[in-house]
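The values are calculated or read from the model by the stated rules, or taken from the named source; none is laboratory data. Bear in mind that the values here come from a model prediction, so they are computed numbers and not experimental data. Cβ placement follows ideal geometry from the backbone for every residue including glycine, while neighbour counts extend to all protein chains displayed. When the accessible area is computed, the model is the full protein with side chains, heavy atoms only, and any ligands, DNA or RNA have been set aside. Shrake-Rupley method; radii C 1.70, N 1.55, O 1.52, S 1.80 Å.
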Protein chains: 2
Amino acid sequence: MTTITHLEPVFRNDKYPSRVYDLPTLLERKDPVVYSEWREDAGLTKAQSEFYEKNGYLHLEGFFSPEEVVRLKAEMERFKALNETRNADEIVREPGGTDIRSIFAVHANNETFRDLSLHRKLQQIVTYLLGGEVYVHQSRVNFKPGFKGKEFYWHSDFETWHVEDGMPAMRALSCSIALDDNYHFNGPLMVVPGSHNTFVSCVGRTPDDHYKQSLRKQEYGVPDNDSLTKLVKDGGIDTPVGKAGSIVLFDCNIMHGSNSNITPYSRNNIFMVFNSVENRIGKPFGSQAPRPDYIAARS
Amino acid sequence: MTTITHLEPVFRNDKYPSRVYDLPTLLERKDPVVYSEWREDAGLTKAQSEFYEKNGYLHLEGFFSPEEVVRLKAEMERFKALNETRNADEIVREPGGTDIRSIFAVHANNETFRDLSLHRKLQQIVTYLLGGEVYVHQSRVNFKPGFKGKEFYWHSDFETWHVEDGMPAMRALSCSIALDDNYHFNGPLMVVPGSHNTFVSCVGRTPDDHYKQSLRKQEYGVPDNDSLTKLVKDGGIDTPVGKAGSIVLFDCNIMHGSNSNITPYSRNNIFMVFNSVENRIGKPFGSQAPRPDYIAARS
């Protein structure tokens, strides 16, 4: 693990090179976290804004009312039923089963979720944090049943969005809307406070070309143990859990993941990624072909 | 799911039949939880004893001093190194690797851990709870590294010990000794308070014999979702976490499990199962051959 603050000439056009070095490398963040000066109509208190800037995330309890939660859950179930037998890329099913696990691009294909992405208070906060007009980079509804919830390993979303989708800068954030009460034991989101200020450049090249060939895709973009240990040593781990209707906003570069969930408690949620219109995605910084529009909106 | 309180004649000799019915069945516990009247020299306060009786577990913070923890950790590492290249049944390695995950029967093969099993205060508590002399049914040291800790699905130990090892009654308990600080996010032990009073008879026969044939062994003895949901609805879930040196005592029939652990925090521990000498194991109640002595002591 090496901390470097300047880049080799070959990567001069890439502020955040990843999957290119032979060794894990920690880079300093080169973008703001909060893109506006705090103001009365920010949608957040000054303390909340400062918490987000320092820690890279913010938990807002009771953001949606119980009535709104009921309505959103009902629409989620209705939309799921509607798609039960439909065959489309944006519908992701359980491996080896037919149960729907996620439906992507709901902001584009469903009126309720389109309205949700334009929710006045949410827009107010997000445009404040990202400094102006935003659009939805990715959205999905997640059906996470109890008993068999799988873990989701540590990652920075931005690492993927940068390398695979061509997102230039750290000027995006995610909003996770809890539709079930969450507990510390049902596999909640874990974040490493403060980790959004460091970019973990993941190992992608090895001296041994054969080994590289044999790497499965999902092994790219995985942060190494030493980097994770350092980030957690510095910032600890938080699990911002709350009642249904609470939301967590988190910066695109915060290190996060979740453990498995064997409890009977499901963990359904709606997930929206907002990106600044000044930060539209382009050619991927990695060598892959761009991912489809329902995962990374280009239109 | 059916609650029955009497048994069919065919199982009259078995207080806790499991893996024999076609449907999951909940049976009432027929044995005491605490086998002694509380007394001044119980090793527990009356309140602690009552908590254990009601909930089926007890967390004791700071049971071992920091110095004792250091000594136990050192011995664990020493013993691990000693066994690194040894080939023996009681040494369990990571699947697909050579790293040692657990070493069984440490109370029989290592002086420090034999002494630990005879620890005065621990013996005082355990003999109080189980009503007289005890012996070690099973012991092991567990090396649970961070990043890749696997989940352990819900189970009652007694269900296994009864069916596979022939333990007659619920008169045993486990003691888990934490050698690392535990957190709610590093895959700690989860228990369902009060679940020790219900025996979940697991499904083992199906009308379809072919299907039974194809069941893999690890699918036996797994509690069903409806039973788990009922137990959790009644008792909730607790994660008794604490500093290194804390212990958790839990009844042989309490429903417990753990989620995965992707955090950098390891979760090394020592695990001892004490059984009453009045409750020595015999012929398994299931049809399998008895398991080896290092898993279930018969000598």
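Of the strands (runs of 3 or more DSSP E) lying entirely inside the stretch B:120-195, those containing at least 1 residues that are away from every other protein chain (no Cβ under 14 Å) and over 30 Å from B:Asn13 (Cα atoms) are B:134-142, B:172-178. Looking only at residues of the stretch B:1-31 that are part of a strand (DSSP E or B) and either open to solvent by less than 30 Å² (accessible area, probe 1.4 Å) or charged (D, E, K, R) (or both), we find that the one that is modelled with the lowest pLDDT is B:Thr25.
I need a count of the residues in the stretch A:231-247 that are at the interface with chain B (Cβ under 9 Å from one of its Cβ atoms) and open to solvent by 20 Å² or more (accessible area, probe 1.4 Å). The total comes to 3. In the set (1) within 25 Å of B:Ser266 (Cβ to Cβ); (2) at pLDDT 95 or above, the condition left unmet by B:Ile125 is number (1).
Across the stretch A:133-157, the qualifying residues are those that are open to solvent by 20 Å² or more (accessible area, probe 1.4 Å) and touching a Gly at 6+ places or on another chain (Cβ under 9 Å), and the one among them that is nearest to A:Ile262 (Cα to Cα) is A:Lys150. B:Glu40 fulfils the conditions (1) closer than 20 Å to B:His119 by Cα; (2) within 19 Å of the chain's Cα centre (by Cα); (3) loosely packed, with under 15 Cβ neighbours inside 10 Å except for a single criterion, (2).
Within the stretch A:163-173, the set of residues being at pLDDT 95 or above and open to solvent by less than 20 Å² (accessible area, probe 1.4 Å) comprises A:Met167, A:Ala169, A:Met170, A:Ala172, A:Leu173. The set of residues in the stretch B:248-259 that are assigned to a strand (DSSP E or B) and away from chain A (no Cβ under 14 Å) comprises B:Val248, B:Leu249, B:Phe250, B:Asp251. Listed by position, the strands (runs of 3 or more DSSP E) contained in the stretch B:51-108 that have at least 3 residues being touching a residue at least 24 places away in the same chain (Cβ under 8 Å) and open to solvent by less than 50 Å² (accessible area, probe 1.4 Å) are B:57-60, B:100-104. Total residues in the stretch B:254-299 satisfying the condition of being of a type outside the set (Lys, Arg) and over 30 Å from B:Asp115 (Cβ atoms): the figure is 13. Quick one: would you say B:Arg93 is basic (Lys, Arg) and modelled with pLDDT of 90 or more? No: the conditions fail for B:Arg93. For the stretch B:260-282, the condition of being modelled with pLDDT of 90 or more, in a helix (DSSP H, G or I), within 14 Å of chain A (Cβ to nearest Cβ) and surrounded by 20 or more Cβ atoms within 10 Å (Cβ to Cβ) holds for none of the residues.
Of the residues examined, A:Asp224 is not one that is open to solvent by less than 10 Å² (accessible area, probe 1.4 Å), closer than 29 Å to A:Gly286 by Cβ and more than 9 Å from every other protein chain (Cβ to nearest Cβ).
Only one of the listed residues (A:Ser176, A:Ser214, A:Ser201, A:Ser246) is of a type in the set (S, T, N, Q), more than 23 Å from A:Tyr16 (Cα to Cα) and modelled with pLDDT under 95. That residue is A:Ser214. One residue stands out in the stretch B:196-206 among those that are assigned to a loop (DSSP other than H, G, I, E, B) and open to solvent by 10 Å² or more (accessible area, probe 1.4 Å): the one that is nearest to the other protein chains (Cβ to nearest Cβ), namely B:Val203.
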